[in-house]
Amino acid sequence: MSSTPRWKSIALRLWRVALLAAAVFAIRGSHQPTAMELTVERVRDFFPAAAVLTPQSGMQIVKDESGITLGHVMQTSPEADDIIGYSGPTNTLIALDTRGKALGLRILHSSDTTDHVAEVVGTRSFFKQFTNKKAAEMANMPVEAVSGATLTSSAIAEGILRRLGKSATTSLRFPDAITLDEVKKLEPQAAKLRESKTHSGSQEVLDAKGAVIALAVRTAPSSDGTVGYKGPSDTFMLMDATGSTLRGIALRRSYDNEAYVGYVTGDAAFLKTFDGMTTEKIANIDFNAAGVEGVSGATQTSYGVAEGLRVRALALLKEKEAKWGWWSLIRWRWQDTGHVVIILAAFVMAFTSLRGRVWCRHLHHALLVIYGGFIAGEMLSQGLLAGWAAHGTPWRNAQGLVLLAVVALLGPIFTSKQLYCHHICAHGALQQLVAKRLSFQWSLSKRMEAIFSKLPFVLLAFVLFSVGFGLRVDLNSLEPFDAYLFRVAGWASIVLAVVGLVWSLVTPLAYCRYGCPTGALFKLLRFTGDADRLGMRDWVAAACVVGVLLFTHA
């Protein structure tokens, strides 16, 4: 039997990979940021007396009719749009009181799975864990995710913490940024200030030639919770160009007793106490051991200033640690370990003689149903893949799930085997377990077979157009996979799961053959039998992708 020439096979593979990439590009072009314009009505649940919203430093001030500040509100979008939950990002409203404490949170918009988001919204304790806390208090707080919606809730929490971390560079108590005149008092050669890209909330100090000669840092808002005698203070820290050594300090503003502040600013010896110290030394300083003495007559105020310097130095060190590399962002879960085991088992079953042993196949199928379906509950679906195409993959917090998708998409291309459908999918495994358990079996006529076998591809085209054209369709209701997490599943998924399984009792793999758009996607990528040549499916798929591309990039 003659086989397809190797160059044709390679060209066909490249063609189908390019078609998949074009589909992702088309879907990505239809994606819009989730940030929205806030109105007074949207924030009145948190501020009943709200009358006006005024923009300030990336957030909005909430004021009453008299112009009195009631608090602040902000959105996690667009800063957190790259944080993907199960299938997309979530934009959350954060309301803060005048002290910077979180009053409450509300989801404004989510591109994640509808059922998972609903489970998070219904779990009030999830949002309550953030209330009455400042950004600094939440930084190292263990977040309780929502069972059954772990990826979604974890991504929402990460977005909240990131947004609060960014807002932490703007002090609500000390809103005024460092000026060039302030810097010149400690560094006469300063000619210009520009925002630092490596130190959040800080400014690079440039000389007349444009060279960076120092770094201007202030202790607020890190020190906003550090109280001296009566209140916090904001101190200007002049660092060297690398931000590793302190060159000098100057007290900018304080809520402390005015007389005590005067004692501190008039004590030159105290203000020079930390000069020449590294960031690490200040962050870990023991005031008594280092011989740091308070200012006579203003001991508590001066120690408040010193503690503010220590807190800010510690924050600078954490910023440095956060820039170690992308690998520091990865959060490996127990589900990811489970997915790796499932993938390895799939390769064993696909490429060894074990697949020919009935007991081994049944044991493998049972493992997939129990773990992949009811325990992990993370299966590939159109809702998931379309969400990733539009918003990106959750590579930081769901590596195992992403690897599962990689194997599913590349397996048919490089091995000519449907690794996911035949050896990984929990719903496919359950259909195989119930296949031919009844003596009565029923098959479609050839005509009906030809019609029904095209339904998965029709559904796949519908998914592409609905996502590309921005139609509000719950893609997860088109497939039964959410039914395994029955606590969060919608009725459509449960009905599809039950009907498909009952049909599979008399027609083996009925859902896989006549209803699964995700399986249809993998079939479009395979290279075996009739699929090892350019066919009508390829041309129809290309036409659909081109249509969406023209619409989204017109």
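A short reminder: the numbers here are calculations on the coordinates, not readings from a lab. Keep in mind that this is a model prediction, so the values were computed, not measured. Neighbour counts are summed over all protein chains in view; Cβ atoms, including those assigned to glycine, are modelled from backbone coordinates with ideal geometry.
Miscellaneous remarks
- Among His72, His109, His427, His362, the ranking by other beta carbons within 10 Å of each residue's beta carbon, starting with the fewest, stands as His362, His109, His72, His427.
- Simple spin-label estimate for Glu144 and Ala118 in nanometres, 7 Å along Cα-Cβ: 2.4
- Kirkwood Rh, angstrom, the stretch 329-552 [1 / mean 1/r, Cα pairs]: 18.4
- Low-density loop positions, trypsin sites (Lys or Arg not before Pro), the stretch 314-411 - DSSP coil, at most 15 other Cβ in 10 Å: Lys323, Arg331, Arg357
- Here the spin labels are modelled as points 7 Å beyond Cα on the Cα-Cβ line, and at Ser66 and Asn288 they lie 4.7 nm apart.
- Using the Cβ-Cβ distance between Ala211 and Trp442 with R0 = 56 Å, the FRET efficiency computed as 1/(1 + (r/R0)^6) comes to roughly 0.10.
- Net length gained if the chain between Phe452 and Lys8 were fully extended (0.36 nm per residue, minus Cα distance): 156.8 nm
- Over the chain, the ratio between the Cα radius of gyration and 2.2 N^0.38 Å evaluates to 1.23.
- 0 to 90° range, to nearest 10: angle between helix 536-552 axis and the chain longest Cα axis: 30
- Dipole magnitude (debye, nearest 20) for the chain, charges at Cβ of Lys, Arg, Asp, Glu: 2260
- Computed Kirkwood radius, in angstrom, where 1/r is averaged over Cα pairs of the stretch 40-167: 14.8
- Extension gain, Lys184 to Lys318, is 45.4 nm, computed as 0.36 nm per intervening residue step minus the present C-alpha separation.
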